[in-house]
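Let me begin by presenting the structure, written as structure tokens, before commenting on it.
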Amino acid sequence: MKRPDDDAYEAGAVPIVRSAWVAGDVRAWPALKSDLDVDVAVVGAGVVGASVALHLAERGVRVALIEARQPGDGASGRNAGQVLPYLGKLVDRASWPDRGERLLDYFVQHRNIVFDLCERHGIDADAAPCGMVGAAYREYASMTKNVRYWRGLGYDVDVVDRGRLRELLGTDRYSFGVHWREGGRVNPHRFTNGMVDAAARSGALVFGDSPVESCMPAGRRWCVRTPHGGVTASTVVLCTNGHADNAFFPELAGTHYPLLACGVATTPLPKPLLDVIDPGRVVMSQYPLGLFPLVLDGMNRLISATIPAPGRANDAGRYFGYLLRYLNRTWPETRDHPIGLDAYWTGMTANSAPAYQAGSPRLYRVADGVFALLNFGAGGNVIGPMLGMNLAHALADDRHQDLLLPVQTPVSVASPGRFEWKIRHLMIPFARFIDRLGGLRI
Ligand SMILES: Cc1cc2nc3c(=O)[nH]c(=O)nc-3n(C[C@H](O)[C@H](O)[C@H](O)COP(=O)(O)OP(=O)(O)OC[C@H]3O[C@@H](n4cnc5c(N)ncnc54)[C@H](O)[C@@H]3O)c2cc1C
């Protein structure tokens with residue numbers, strides 16, 4: 001029988017307090033209860049909207065940040081906390097006017113944006129540039145090629161062998177890997193809220209519990225309405241992730257492939273395991289599929305994320321069980337020391353490509369004066385705030401030629417559900433089975 005929560009798990013919308021990242025001391029923002037006039041209205045306070053608002057406010061632009069629930073309540077408060085220092089495939093980059101070269105330069109230049117923002121604004125988000133390891137059961141030419149590529153761009157990254165992996169990860173199970181002395185971890189809920197606080201200190205008006213219900217032209221400007229108040233602005237920026245449940249500008253809702261993901265956090269590891277698991281204190285992922293990304297956070301909990309099976313997103317025990325069995329296989333010492341389940345939650349990602357962990361964020365011009373910065377997939381913690389900053393600076397300086405993403409018109413993708421079906425029914429269960437066998441030459 002269905003429990004009341006089952007639909008919420010499946011929609012990636014369980015109460016945010018289920019997320020391991022939520023600590024009690026973040027500020028709750030009041031609802032919008034009047035009519036205001038600003039230069040820019042930003043809708044959605046995840047990592048993207050928070051960054052847009054912060055960087056606009058810093059340039060003296062009058063900005064209102066309007067969030068349906070509270071900042072970080074979407075994917076940004078529900079993710080796995082990895083701060084990825086590199087760009088993924090950006091599959092369509094080749095077809096962009098400048099082949100994405102400016103975006104790449106900007107990314108390299110600002111790859112520490114999460115740590116920089118935390119430092120500059122005094123954001124206490126357990127942000128640690130602890131580096132990352134991608135570990136594999138065999139050698140992959142693609143990993144070596146990737147290392148060469150990013151080293152050429154000035155990155156501190158190396159190919160590592162089984163011996164070095166043992167030192168870094170505390171396991172013999174992997175024979176080949178990449179060690180990034182770049183990137184790391186962050187508590188994404190606190191990071192998002194920290195950016196929002198900083199935006200408010202710079203003059204941004206922030207509203208929580210204010211779902212935007214409509215966005216209508218008001219002369220040459222726009223009026224954004226919430227249940228108890230409205231904001232009139234010259235420019236509106238929508239940072240609503242997939243935009244799926246929004247009735248206004250419905251053309252945006254079909255631009256992405258949704259994919260549900262879930263997060264799991266263990267109780268703090270007992271001391272004997274802390275000496276064994278991840279002694280290098282790096283963030284870890286597995287190559288090629290990243291089935292069990294692992295972040296050891298500042299409270300010594302292991303945080304991981306995966307894709308739940310259809311109709312089973314509510315089953316915390318199942319995904320904790322997968323993680324535990326992986327830990328037992330990878331660090332046999334974990335069999336002798338109890339590890340508990342601290343938190344389990346789900347969240348929704350919006351992907352622009354129908355291939356796992358591929359695709360690139362999108363910048364849409366929905367109407368004159370209305371932009372949407374969406375579809376960051378499963379990797380928005382770094383590029384989200386970065387592109388938010390780029391958009392904010394381009395708007396503040398009225399230099400749209402500085403925008404790094406091509407400005408597109410929203411176009412619905414074909415069969416959006418088929419991607420999720422394939423990943424959840426076939427790909428992830430198959431990959432889990434293979435991992436149990438110790439990997440396959442894929
Ligand atoms: C389980 C999981 C693990 C992940 N792991 C990682 C990781 O380790 N590293 C990484 O880089 N990325 C990761 N991601 C992806 C990352 O979380 C996202 O790419 C990123 O958070 C997207 O940010 P956003 O601001 O676009 O969206 P969101 O954080 O979803 O923000 C959108 C906001 O818009 C609000 N909104 C929507 N409609 C309205 C409306 N009508 N009115 C007002 N507000 C509205 C929502 O309430 C929400 O707060 C993961 C995602 C998930 C789900």
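The values are calculated or read from the model by the stated rules, or taken from the named source; none is laboratory data. Computed from a predicted model, the values in this text were never measured in an experiment. Glycine gets a Cβ as well: all are built from the backbone with ideal geometry, and neighbour counts include every protein chain shown. Side chains are part of the model used for accessible areas, which takes the heavy atoms of the whole protein and leaves out ligands, DNA and RNA. Shrake-Rupley method; radii C 1.70, N 1.55, O 1.52, S 1.80 Å.
Figures for the structure shown
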read-out	value
Where Rh is the Kirkwood radius over Cα pairs, Rg/Rh for the chain	0.96
Estimated 222 nm signal from helices in the chain, with DSSP H stretches of n ≥ 4 weighted -39500 (n - 2.57), rounded to 500	-8000 deg cm²/dmol
Under Karplus coefficients 6.51, -1.76 and 1.60, residue-wise ³J(HN,Hα) of segment 346-353 in Hz, glycine/proline x	10, x, 10, 10, 10, 10, 8, 10
Percent carbon-and-sulfur accessible area, segment 1-116, ignoring ligands, DNA and RNA, probe 1.4 Å	53
Amide H contacts under 5 Å for S214, placed H, 5+ residues apart	R225
Beta bridges by DSSP in the chain, antiparallel share as percent, to the nearest 5	65
Restricting segment 337-442 to trypsin sites (Lys or Arg not before Pro) in coil, as DSSP defines it, with at most 10 other Cβ within 10 Å	R399, R441
Net charge of Cβ neighbours under 11 Å - reference R436; Lys, Arg +1; Asp, Glu -1	+2
Residues of segment 118-211: accessible area per residue with a 1.4 Å probe, Å²	41
Taking the C-alpha atoms of segment 270-400, convex hull volume expressed per residue in Å³	158
In Å, descending, principal axis extents of the Cα set of segment 222-318	58, 30, 27
For P258, net neighbour charge (Lys/Arg +1, Asp/Glu -1) across residues whose Cβ lies under 12 Å away	-1
Set of aspartates and glutamates with alpha-carbon distance to K33 below 12 Å, sequence-local pairs under 8 removed	D209
More than 13 Å apart - percent of Cα-Cα pairs taken over segment 271-337	68
For L341, distant residues with modelled amide H under 5 Å away	T267
